[in-house]
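Participant: Attaching a single structure in structure tokens format; questions to follow.
None of the figures in this text is laboratory data; all of them are computed from the coordinates on show. Every value quoted in this text rests on a predicted model; they were computed, and no experiment measured them. Cβ coordinates were reconstructed from backbone atoms using ideal geometry, including for glycine residues, and neighbour counts include every protein chain displayed.
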Amino acid sequence: MIDFCPPLESGTVILHPLKRKHAEALFSIVSDGELWQYIDGSPPASVAELRQRYASLETRMNPDQSEYWLNWAIEKKDDSRLIGYVQATVERSLACAQIAYVLGVRFRGQFLAFDAVSLMIEFLRSIGVQRFSATVDSENLRSIRLLKRLGFYQSQARDPRNLEFTASA
Amino acid sequence: MGEIYTGQSPVIGLSYAFTTKFFLEPNPRPNNQGVLPDVKIATTERDIQLGKDPVLDYALRLADT
């Protein structure tokens with residue numbers, strides 16, 4: 001049986017299957033207001049709230065079991081700090097994975113997001129995922145650059161504010 | 001299902017129960033489904049990470065209209 005959310009490792013980062021125990025270390029990262037500039041949502045108000053969010057994701061599947069819900073905490077290898085997370089919502093048929101990523105503001109510019117997302121995509125390809133997609137705010141140029149470096153191309157956007165990018169396996 | 005009466009025989013002490021009504025719905029639903037919602041709102045993995053509650057958001061929008 002395939003483990004859809006195993007630990008993964010590259011030269012610079014380790015991806016750990018996201019669990020509620022990671023909430024304490026990730027709280028300062030994901031509660032940073034600057035991070036939410038382009039994200040439609042609300043930062044967690046407390047570690048307890050973040051722990052609850054992560055606990056809900058530990059099922060690794062949605063309630064009707066039509067999607068795999070995969071999340072990994074990103075550990076920076078040189079100092080063992082958690083610096084963000086990567087996420088994939090994978091159709092059960094493996095036809096498509098919608099990906100997302102959040103990296104702490106102070107860890108930008110070191111290619112760590114590229115390394116972490118590449119590692120996740122490489123794993124998803126290895127288990128048979130055929131296509132990848134991502135939605136990004138049209139003003140989030142840093143994220144758009146990352147997607148282009150990863151080989152994504154812009155597809156038809158239904159909403160001009162939220163651009164859609166896709167890549168094939 | 002019904003309106004149940006219980007009692008005990010005063011002579012031999014035997015307990016008994018019997019129903020006086022049998023309730024039926026005009027359009028019985030299948031078992032184990034309860035009341036199905038008119039609108040199904042799904043919460044996504046991303047919603048959970050971002051602390052969004054699409055069910056509550058839909059209800060609030062509905063209340064506003």
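Participant: What base-10 log of the normalised intensity I(q)/I(0) is obtained for the range A:83-160 from the Debye formula, alpha carbons as equal point scatterers, at q = 0.20, 0.26 Å⁻¹?
Facilitator: Here log10 of I(q) over I(0) equals -0.93, -1.40.
Participant: Could you tell me what % of all Cα pairs in the range A:1-67 have separations over 21 Å?
Facilitator: Working: 878 of 2211 pairs.
That tail contains 40 percent of the Cα-Cα pairs.
Participant: Okay, next question. What dipole magnitude, in Debye to the nearest 20, does the range A:1-125 give about its Cα centre under +1 on Lys/Arg Cβ and -1 on Asp/Glu Cβ? Working shown, then result.
Facilitator: Numbers: 13 positive and 16 negative charges, 38 e Å.
Around 180 debye, computed over the range A:1-125.
Participant: Further question: Computed FRET efficiency, Cβ-Cβ of A:Leu141 and A:Ser28, R0 30 Å: what is it to the nearest 0.05?
Facilitator: 0.75
Participant: Let me ask something additional. Can you list the aspartates and glutamates whose alpha carbon sits under 15 Å from that of A:Lys77, skipping same-chain ones fewer than 8 residues off?
Facilitator: List returned: A:Glu9, A:Asp115.
Participant: Using Cα springs under 10 Å in a Gaussian network model of chain B, which residue among B:Gly13, B:Gly51, B:Gly34 shows the largest mean-square fluctuation?
Facilitator: Among B:Gly13, B:Gly51, B:Gly34, the largest mean-square fluctuation in the Gaussian network model of chain B belongs to B:Gly13.
Participant: Report, please, the projected area of chain A averaged over directions, based on the convex hull of its C-alpha atoms, in nm². Intermediate results must be reported in sequence, preceding the final value.
Facilitator: Values: hull surface 39.1 nm².
Mean projected area of the Cα convex hull: 9.8 nm².
Participant: What FRET efficiency comes out for the pair A:Ser10/B:Tyr58, r = Cβ-Cβ distance, R0 = 35 Å, nearest 0.05?
Facilitator: Efficiency for this residue pair is about 0.30.
Participant: Additional query: Counting only other residues whose beta carbon sits under 12 Å from that of A:Glu122, what net charge do I get with K and R as +1, D and E as -1?
Facilitator: Spelling it out: positives minus negatives among the neighbours equals -1.
Participant: Just to confirm a number: summing +1 for Lys and Arg and -1 for Asp and Glu over residues other than A:Pro44 whose beta-carbon lies under 14 angstrom from that of A:Pro44, what do you get?
Facilitator: Once all neighbours under 14 Å are counted, the net charge is -1.
Participant: First select every other residue whose beta carbon is under 10 angstrom from the beta carbon of A:Asn162; then total the charges, Lys and Arg +1, Asp and Glu -1.
Facilitator: Within the 10 Å Cβ shell, the charges total -2.
Participant: With charges set only on the Cβ (+1 for Lys and Arg, -1 for Asp and Glu), what does the dipole of chain B come to about its Cα centre, in debye to the nearest 20? It would help to have the intermediate numbers written out before the result.
Facilitator: Details: 6 positive and 8 negative charges, 36 e Å.
Magnitude of the dipole: close to 180 debye.
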